[in-house]
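What follows draws every value from the coordinates through simple rules; no lab data is involved. Computed from a predicted structure; not experimentally measured. Neighbour counts are summed over all protein chains in view; Cβ atoms, including those assigned to glycine, are modelled from backbone coordinates with ideal geometry.
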Amino acid sequence: MTTETTSKKFNIDTVEHAEQTPEQPLPWAELGLKENEYDRVVEILGRRPTAAELAMYSVMWSEHCSYKSSKVHLRQFGDKVTEEMKEHLLVGIGENAGVVDIGDGWAVTFKVESHNHPSFVEPYQGAATGVGGIVRDIISMGARPVAVMDPLRFGAIDHPDTPRLVHGIVSGIGGYGNSLGLPNIGGEVVFDSVYQGNPLVNALAVGVLRHEDIRLANASGVGNKVVLFGARTGGDGIGGASVLASESFDDAKPSKRPAVQVGDPFAEKVLIECCLELFKNSIVEGIQDLGAAGISCATSELASNGDGGMHVELTNVLLRDPSLTPGEILMSESQERMMAVVTPENVAAFEAIMDKWNVEYSWLGEVTDTGRLIIEWDGEKIVDVDPRTVAHDGPVYERPYSRPVWLDGVQADSFSAEAPTDLRAAVLELMASPNMCSKDWITNQYDRYVQGNTALAMPDDAGVVRVDEETGLGIALSTDANGRYSYLNPYDGARLALAEAYRNVATSGAKPMAVTDCLNFGSPEDPEVMWQFAESVRGLADACQELGVPVTGGNVSLYNQTGGVAIHPTPVVGVLGVFDDVARRTPSGWREDGQAIYLLGTTRNELDGSEWANLRGHLGGQPPALDLDAEKTLAAILVNSSRDGMIDAAHDLSEGGLAAALSEAALRFGVGARIGIDELCERDGIDPFTALFSESQARAIVSVPRSEEVRFNDMCTARNFPRIRIGVVDAENDALDVQGHFTLPLAELKEAHEATLPKHFG
Amino acid sequence: MPRIVVDVMPKPEILDPQGKAIAGALPRLGFTGFAEVRQGKRFELTVEGDVTEEVLDHARNAAATLLSNPVIEDVTRVAVIEDAQ
């Protein structure tokens, strides 16, 4: 322990000192607080804050931790939840992650979060610690993490800075996730120049637990002990805290801060096992992971969610860097740390488990009923606050928002380029394009099948993981977003993102149950961005209500903006579905020769915002129309036909339309097909190009065994859902043959599809 | 041929998981008495011809931009060493 040597180095700004020196100037502006916010802190405390208190308020009232710009809109996710939607919800929004009942006493917790900015600064560590952070959220609910997913967005594929980000971020995710032994079962990769200075690195984790194992982040029981365990605290991720250097006598600091957070996946793996043993033996009363805002966040949230008070001696924190000041210790974002509340009777048992796993820990203090969070430094009081004011009563802004004036012009500019005459070349161009090309080069760097429970992973529509090895009970997950759709119409864009993720999960054969979201936007101080945000939240909340799937948690990432240019609004939506038995999952590719291929749904002329328009450099008009009733019926058909064995393959139609779906279904197992689209064109009143490239929603292709065709057709008729037989699986002929239009040998299609990423990054 | 040695260390305030793992292994294998381990890396650049100031500048440049990650690492030495033979 370094208590004696460290404590003497600082000219500690105690509460007493703060009372005596009301006029002492504090660097609140440098720490990111606005003047009105600082005044509010002074009003709450009835005096100026100490340096340590200022550090706590400044990080906890930051946009990232307090959701001060987004809160007023996010309430809709709670307000628009019906009783029916809550039926399977064991823990809703507000905890570290939501928990969903999947039957047989099993529950699942899942959440997606952003780590955008750190990943731009230091791609490898930023992405790695993004995975680490979301996994700790899952552990702190009492669950064993079982899989991760990573929706990624980069700048233009040929921009000189893109390889740095792609290489760093992909190896960071692989390096951390693979070391933890967690399969990476999917995600998305999108290239668009709007993300050049603001790549999006979102990380989703899912964990499994028994109902009785749910743990919440609260500190109850006066006299219970508060313990910090895991890695030591260093200068990681401290942003503006260096301006608090005035509290330090010692100028001989390590090199300039802020320091990048560095992850240690092997320490996290030990932490997972160690926490699960604590849960199994019911050793901890409450637990919280340390992420953004570190100890400030953990102490204030645990205290305000429990009996309201906590007493902590900060010199007990084990340090990696003994020169840290109290304010820095409170703000540090060092990884792989957890805080727990333990009854005095369980202290010895707790220590035994820590020793067994060789995890360092230190007892910081205890729970009180005073309603105050008191933090002392070597016995001197440096923080004395009501923890609610730090954790929950931060500023809330009704930011002004206004519909962008340019939007009418953009929406009026429909895609009108002439259809290409050479459809064969068009399909090849589409399937080789940065967004539609094979992502194998990336996903091959991740473990997808480790642990042996992965039933489906990229490139299938959803990732599928078995939960119960006896019964085959399992889950499916998909994440989706389309920034271009959201740019054209943020309300519909968010609804479309949900619809696609919902459809993907149903396509795999699972029943969609719950939603998590990661809302990536530009600056909330720009009224036009704020309008995009407000519309997106309204759209997502409405669509969740219509589809009957609740949002269980998520994350908001604002200020994804360089100069005056914001990213496209990018609401990433993750949908969780449930299988009674993953053995009946539906893969996305054809396998059996002679099976009939059906197209479900109606195709309209909807090319605005499409991948094809994107390839032609066009972005205008309105995104495809959405009919959530049709989505529900389609999902029901896909889930029922999977359960009753009526289909052998299914693939949803989204970006790239029918052309992409047919190509991917053929390439999945290298089995071709003979396709006829003339009848489809006649029925829907469209030309062959539109049939192949339109991105109309609520569509999927399925392959149906001969023996099941009658039953399948009867079911579609009973549900009054349009379907049309468009072809037959042809295992003899290794080609995608769109009769009367073109024949594409699978080898040629595969070559075009797989060459793009290695060409740029290989 | 002369060689230029470049030493790169993780910045002092940055977590060094490898160093930490080695620090954990030392006492297990009986090497006690070491308080901390930090692990860096060493590059040897063999030079064609003489090491002029210009060549050294090149090496410093490479050390700062390619051989080290300036966000999390420091270049602690760029020096010429005599050939062992």
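Would you mind calculating the gained length between residue A:269 and residue A:318 on full extension (0.36 nm times residue separation, minus the Cα-Cα distance), in nm to one decimal?
Gain on stretching residue A:269 to residue A:318: 15.6 nm.
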Positive-end extreme of charge dipole, chain A - chosen from A:314, A:57, A:214 (charges on Cβ):
A:214
Can you sort A:442, A:138, A:102 from fewest to most other Cβ atoms within 10 Å of each residue's own Cβ?
A:442, A:102, A:138
Taking H placed 1.01 Å from N in the peptide plane, check which residues at least 5 places from residue A:262 or on another chain put their amide H under 5 Å from its amide H.
A:335, B:15
Arrange the peptides A:729-742, A:505-518 so that the one whose residues have, on average, the most other Cβ atoms within 10 Å appears first.
A:505-518, A:729-742
Placed amide H near residue A:381: partners under 5 Å, 5+ positions off or other chain
A:15
Testing the spin-label approximation: label points 7 Å from Cα along Cα→Cβ at residue A:760 and residue A:356. State their distance in nm.
4.9 nm
Taking the mean number of other Cβ atoms within 10 Å as a proxy for protection, how do you rank B:7-16, B:26-35 from highest to lowest?
B:7-16, B:26-35
Quick one: helix A:162-180 against the long Cα principal axis of chain A, what's the angle to the nearest 10°, folded into 0 to 90?
70 degrees
By the C-alpha gyration tensor axes a ≥ b ≥ c (rounded if a/c is under 1.5, else prolate when a/b exceeds b/c, else oblate), the shape of segment A:587-762 is oblate
Residue-wise HN-Hα coupling along segment A:740-757, computed from phi with Karplus coefficients 6.51, -1.76, 1.60 (Hz; x: Gly, Pro):
x, 10, 6, 10, 10, x, 4, 4, 5, 5, 4, 4, 5, 5, 9, 7, 5, 5
Quick one: helix A:265-280 against the long Cα principal axis of chain A, what's the angle to the nearest 10°, folded into 0 to 90?
80 degrees
How many Cβ atoms of partner chains, on average, are near each residue of A:260-271 if near means within 10 Å of its Cβ?
3
Is there a simple number for the mean count of other chain Cβ atoms within 10 Å of the Cβ of residues in B:66-73, and what is it?
3
Under-5 Å amide H pairs with residue A:455, H placed in peptide plane, nonlocal only:
A:464, A:465, A:466
What order do you get for A:377, A:406, A:590 when you list them from fewest to most C-beta neighbours inside 10 Å?
A:406, A:377, A:590
Rank by packing, highest mean first: peptides A:222-232, B:49-59, A:333-343, with packing defined as the count of other Cβ atoms within 10 Å averaged across residues.
A:333-343, A:222-232, B:49-59
Computed over chain A: longest principal axis from alpha-carbon atoms vs helix A:423-432 long axis, angle to nearest 10 degrees, is 20 degrees
May I ask you to give the average projected area over all directions of the convex hull of the Cα atoms of the protein assembly as shown, in nm² rounded to one decimal?
39.4 nm²
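Looking only at other chains, what is the average number of their beta-carbon atoms within 10 angstrom of each beta-carbon in B:14-27? Present the calculation step by step, with values, prior to reporting the outcome.
Working: counts 12, 18, 4, 10, 1, 0, 6, 3, 0, 0, 1, 0, 0, 0.
Mean inter-chain Cβ contacts per residue within 10 Å come to 4.
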Using alpha carbon centers only, segment A:606-656 is separated from segment A:563-599 by a whole-angstrom value of 10 Å
Just rank A:461, A:307, A:13, fewest to most, by other beta-carbon atoms within 10 angstrom.
A:307, A:13, A:461
Kirkwood Rh over alpha-carbon pairs of segment A:499-538 plugged into Stokes-Einstein at 37 °C, 0.692 mPa s gives a D in µm²/s of 271 µm²/s
Please report, to one decimal in angstroms, the Kirkwood hydrodynamic radius of segment A:504-568 built from all distinct Cα-Cα pairs.
13.3 Å
